Amino acid sequence: MARKIVSTGRGGAGKSTFVALIVRYLKPPTLLVDLDPDLSLADMLGADFRKEKKKTVSEALYDVIETRKRGAKVSTPTHELMESLLWSDCLYEDIGFDLITLGTKLTEGCYCPPDELLRRTIPKLARNYTNVVIDSPAGVEHLNRNIVSDINDLFVICDPSEKSLRHIGRIKEIMKAVGIRYNRFYLVANYEFDEGTEGYLRNSGEIYLGKIDYDANLEQYNLQGKPLLELPEDSPACLSVKRILTKGGYG
């Protein structure tokens, strides 16, 4: 069974950047699941869904609903059809990783239908991978959706603010309330921390793995739309993430 890894934290803390950087150090095959509607992870990895004619989960669900609204005769139940589409239309395959992204909601109401689809399908997909990495949207609302109930490693990406520190406790409260189980709870500092503010994480009572170092190349890659997987191996950000994973028990 795949190891389930979740990256979470406040908006702008660097969750997607962390996921994009750890891909090169995880034992393949790895499945990435992007729950953030803005497709930032796909951009950071250079995954061009349009070029490869792939759909987000929300797009695929919208197409199925619209087809049924037009009265088209489809004998397959919606949930079975959508599970099939996840494999054929939504799974972006690349060297070193596969990627499924939730995408922007195109139907009325909440994210309940695509959430339920992913909740039911991720365990089935996980059988084919060594690691399944979830890139969470900002905040804690996604935890209430309980898409992944059993987590091996939870990485909370922090920024140097009081809100970020309070966010740590809030995450644990909600996970307990909705029944999300995890084996390890890790804190990771983004590049904005200095030696003084890092002390707050070291003394938080949680396992602190270290800081993602500032990397001017990373900023340029994001601005130019270049895949972060093309960063050189001596990139400060890459080296710091490698140290973080090693401290977290990743060989």
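Charge dipole (Cα centre; +1 on Lys/Arg Cβ, -1 on Asp/Glu Cβ; no other charges) of the chain amounts to roughly 920 debye. Pairs Lys4/Lys53; Lys51/Lys211; Lys27/Lys247; Lys27/Lys211; Lys53/Lys226; Lys55/Lys163: which exceed 24 Å Cα-Cα? Beyond 24 Å between Cα atoms: Lys4/Lys53; Lys51/Lys211; Lys55/Lys163.
Springs between alpha-carbon atoms under 10 Å, Gaussian network over the chain: tell me which of Arg24, Arg70, Arg181 tops the mean-square fluctuations. Its mean-square fluctuation being the largest, the pick is Arg70.
Secondary-structure-derived ellipticity at 222 nm for the chain, considering helices only, amounts to -12000 deg cm²/dmol, per-run term -39500 (n - 2.57) for DSSP H runs with n ≥ 4. Each of Leu39, Leu125, Tyr221 was scored by the projection of its Cα onto the charge dipole of segment 3-247, and the greatest displacement toward the positive side belongs to Leu125; charges sit on the C-beta of Lys, Arg, Asp and Glu. With a cut-off of 10 Å between beta carbons, the residues surrounding Asn131 carry a summed charge of +2, where Lys and Arg count +1 and Asp and Glu -1. This ranking places Lys172, Lys51, Lys211 by how few other beta-carbon atoms lie within 10 Å of each, fewest first, which gives Lys51, Lys172, Lys211. Of the residues Lys69, Lys163, Lys53, the one that moves most in a GNM of the chain with alpha-carbon contacts below 10 Å is Lys69. Fully extending the segment from Ser88 to Lys226, taken as 0.36 nm per residue of separation minus the present Cα-Cα distance, adds 47.0 nm. Aspartates and glutamates near Lys124 by alpha-carbon distance under 18 Å, same-chain residues fewer than 8 away left out - which ones? Within the straight-line cut-off, Lys124 pairs with Asp34, Glu80, Glu83, Asp89, Glu93, Asp98, Asp115, Glu116, Asp150.
Values in this text are rule-based calculations from the coordinates and carry no lab data. Note that the coordinates shown come from a computational prediction; the quantities given were computed from them, not determined experimentally. Here Cβ is always computed from backbone atoms with ideal geometry, including for glycine, and neighbour counts include all displayed protein chains.
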